[in-house]
1. Quickly work out the residue 118-to-residue 23 label distance, labels modelled 7 Å from Cα along the C-beta direction, and quote it in nm with one decimal.
2. With viscosity set to 1.306 mPa s and temperature to 10 °C, compute the Stokes-Einstein D of region 1-41, Rh being the Kirkwood radius across alpha carbon pairs; µm²/s, no decimals.
3. Relative contact order of region 38-111, please, whole-number percent, based on alpha carbon pairs below 8 angstrom and at least 6 residues apart.
4. So between residue 9 and residue 137, what do we pick up on full extension, going 0.36 nm a residue minus the alpha carbon distance?
5. Using only alpha-carbon positions, what ratio does the radius of gyration of region 1-122 give when scaled by 2.2 N^0.38 Å?
6. Starting from one equal scatterer on each C-alpha and no solvent at all, send me the Debye-based log10 I(q)/I(0) for region 10-72 at q = 0.27 Å⁻¹, two decimals.
Ligand SMILES: Nc1ncnc2c1ncn2[C@@H]1O[C@H](COP(=O)(O)OP(=O)(O)OP(=O)(O)O)[C@@H](O)[C@H]1O
Ligand SMILES: [Mg+2]
């Protein structure tokens, strides 16, 4: 029997007296692709937020490759190869293009200090393939109109290609 790559069992999330996700079971076999569909407020984001460590489940269990996974924060999920592209991808306008690209996943010197030069160099390489006009050192707030929205798409593409696996109900289309 093939072991499930991912399994969520009896996932429940309660806010106050309001249970917004109730006893949800969801499994994925290796190589499978799923679409999670539901009306607004159905709980799709909440379920995936629990999977990706954005919010803690009230109860329920997550298994990765048959082993119980402990996910209490986004970096835990990342360590299991779980990544989420959020519905509203937000960039920080005061930061540069490359800083936004490496937010939450920085390149470091000696594992401690952020290595801006290495980040900028890598950003330049990635952006060059997609659009050589974008300067990685430019602040997001200074990117204008068409360039700005195009850059956002590029950043999304970057995230999509960087992640080992992708769990999301909300690909920015
Ligand atoms: N932090 C929160 N506090 C209280 N209630 C919340 C919170 N986050 C979500 N909810 C509620 O949980 C329910 C499920 O919301 P959720 O965002 O998971 O739905 P969704 O399926 O992703 O909807 P959409 O299609 O609009 O993205 C909604 O009723 C929402 O109001
Ligand atoms: Mg949602």
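1. Between residue 23 and residue 118, the label points sit 5.0 nm apart.
2. Numbers: Rh = 12.1 Å.
Rounded to a whole number, D works out at 131 µm²/s.
3. Details: 44 pairs, mean separation 16.7, N = 74.
Computed over region 38-111, the figure is 23 percent.
4. Working: separation 128, 0.36 × 128 = 46.08 nm, distance 4.44 nm.
This chain segment gains 41.6 nm when fully extended.
5. Details: Rg = 17.1 Å, N = 122, 2.2 N^0.38 = 13.7 Å.
This ratio for region 1-122 stands at 1.26.
6. The calculated log intensity ratios at q = 0.27 Å⁻¹ are -1.35.
Every number in this text was worked out from the coordinates using simple rules, so none of it is lab data. Just so it is clear, the structure is predicted and the values come from calculations on it, not from any experiment. With ideal geometry, Cβ positions are generated from the backbone for all residues, glycine too; neighbour counts draw on all protein chains shown.
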